[in-house]
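Inspection log for the structure reproduced underneath, given as structure tokens.
The values are calculated or read from the model by the stated rules, or taken from the named source; none is laboratory data. Owing to the predicted nature of the structure, the values given are computational and were not obtained by experimental measurement. Please note: Cβ atoms are built from the backbone with ideal geometry, for glycine as well, and neighbour counts cover all protein chains shown.
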């Protein structure tokens, strides 16, 4: 019975509440990948998507990572995202995924000259070998 | 009450809903084409593998449709995952086009609802409001008395138009649903201090990746954030009251569509703006714009 009701809610598109941007607009999150190469050089990458529309969908994923308190799941999702970046940088020895919160200044703060700041929430190091063929 | 639900109406609202949702699906397909495989494939390098997202979604119910069902069916007849994903994309696009022109309306609406629902559930970690509202619209479209008089099914294939009582019932359901959505959306906003002091509106517009305009430009309008923020809350909370009388309907409808238009332009949420415009016009707008309609017995 519970499953049937859950199916109906999903089917009708009513499983989520209607409190968009309510009661307050939350801070946004940012994910940065630091790639380290064998010669010691480092490079920074953001999660790459092909279109701006998909880019506007990324905050849902980042909000989920932030809200998720189950450490292994958070780590697994970040590893998957790091792996997708590593696919384009297969020489990288190590990828550090740095997940943080973007703190935008208030109206008064911005008027005073405050700039957006970045507070690290968590960071993980991942290493992938070139022989790795399956996703994490 | 019976008269209110089943009093009969034209099918203009259904034409607006069908064409608008069809257009929404076509744009969704075109825009998501470049990332489609990466969103749904199990291959190395996809953002978040489909099986993880589907596992999270199906915690609530194993009956929720998902892309894996199509992939499994395709593999059964020897199709690769990539082929199945493109077939799914193509069928969704075709269903959207059929809805726009009104061909095979019922089948197209059912296919569009099922495939769209599967796609958004399998990419739930990338879904936002636009997907929920498209699902809501497609759910009602699928159940509504199709075809409408503007559909090719009626004019070309001569399929009979359904009765006016059913038209008015489903329009009432959509109208009531929108009232619930706006009322609770506005009410929950009023609970937050940010909507009273303008900070929520400011943060919504400066929050990456929705910061279409730089803070340097937006700060010039800082005195408008408080009245605009409160105006949004009041517009939404009072929607269920003022959208019904003919005297105030035009004001509230124009106000709410303007709000969604502004969200689309200022935050880059064009698909969200479109779906909300479509739902509002289908629910309350077609009578105001005096579209020629046919009331069928």
**Asked** Which of the residues spanning segment B:196-209 are more than 7 Å from every other protein chain (Cβ to nearest Cβ) and under 25 Å from the mean Cα position of the chain (by Cα)?
**Response** B:201, B:205
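So which residues in segment B:144-164 are outside any loop (DSSP other than H, G, I, E, B) and buried (at least 17 other Cβ atoms within 10 Å of the Cβ), if there are any at all? Spell out the reasoning first.
Filtering segment B:144-164 down to residues outside any loop (DSSP other than H, G, I, E, B) leaves B:152-155, B:164.
Listed by number, the residues that qualify are B:153, B:154, B:164.
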**Item:** Those residues of segment B:190-208 which are under 17 Å from residue A:102 (Cβ atoms), crowded, with 17+ Cβ neighbours inside 10 Å and free of Cβ contacts under 8 Å to residues at least 24 places away in the same chain, in sequence order
**Value:** B:202, B:203, B:206, B:207
**Item:** Flag for residue B:66 being under 21 Å from residue B:129 (Cα atoms), in contact with a helix residue (DSSP H, G or I) (Cβ under 7 Å, 6 or more places away or on another chain) and touching a residue at least 60 places away in the same chain (Cβ under 8 Å)
**Value:** no
**Prompt:** What number of residues within segment A:9-51 satisfy the criterion of being out of contact with any helix residue (DSSP H, G or I) (no Cβ under 9 Å at 6 or more places or on another chain) and either free of Cβ contacts under 8 Å to residues at least 12 places away in the same chain or within 7 Å of chain B (Cβ to nearest Cβ) (or both)?
**Reply:** 5
**Request:** Working carefully through the options B:57, B:67, B:48, B:71, find the one that is crowded, with 18+ Cβ neighbours inside 10 Å, more than 24 Å from the chain's Cα centre (by Cα) and under 16 Å from residue B:117 (Cβ atoms).
**Result:** B:71
**Item:** Candidate set from segment A:43-59 (those that are over 15 Å from residue B:34 (Cα atoms) and surrounded by fewer than 17 Cβ atoms within 10 Å (Cβ to Cβ)); member that is nearest to the chain's Cα centre (by Cα)
**Value:** A:46
**Prompt:** Looking only at segment B:174-189, which residues are surrounded by 16 or more Cβ atoms within 10 Å (Cβ to Cβ) and under 19 Å from the mean Cα position of the chain (by Cα)?
**Reply:** B:174, B:175, B:177, B:178, B:179, B:181, B:182, B:183, B:184, B:185, B:186
**Prompt:** Can you name every residue in segment A:60-85 that is at the interface with another protein chain (Cβ under 7 Å from one of its Cβ atoms), closer than 22 Å to residue A:26 by Cα and surrounded by 20 or more Cβ atoms within 10 Å (Cβ to Cβ)?
**Reply:** A:61, A:77
**Only listed residue being surrounded by fewer than 20 Cβ atoms within 10 Å (Cβ to Cβ), out of contact with any strand residue (DSSP E or B) (no Cβ under 8 Å at 6 or more places or on another chain) and either away from chain A (no Cβ under 14 Å) or assigned to a helix (DSSP H, G or I) (or both), chosen from B:97, B:92, B:141** = B:97
**Asked** When the residues of segment A:109-126 are filtered to those that are assigned to a helix (DSSP H, G or I) and facing another protein chain (nearest Cβ under 9 Å), which remaining residue is surrounded by the most Cβ atoms within 10 Å (Cβ to Cβ)?
**Response** A:110
**Request:** Could you figure out which of (1) assigned to a helix (DSSP H, G or I); (2) at pLDDT 85 or above; (3) within 14 Å of chain A (Cβ to nearest Cβ) isn't true of residue B:52?
**Result:** (2)
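Step by step: first the residues of segment B:122-131, then only those that are facing another protein chain (nearest Cβ under 7 Å) and either buried (at least 23 other Cβ atoms within 10 Å of the Cβ) or free of Cβ contacts under 8 Å to residues at least 12 places away in the same chain (or both), then the one that is farthest from residue B:103 (Cα to Cα). Which residue is that?
Going through the qualifying residues, I end up with B:126.
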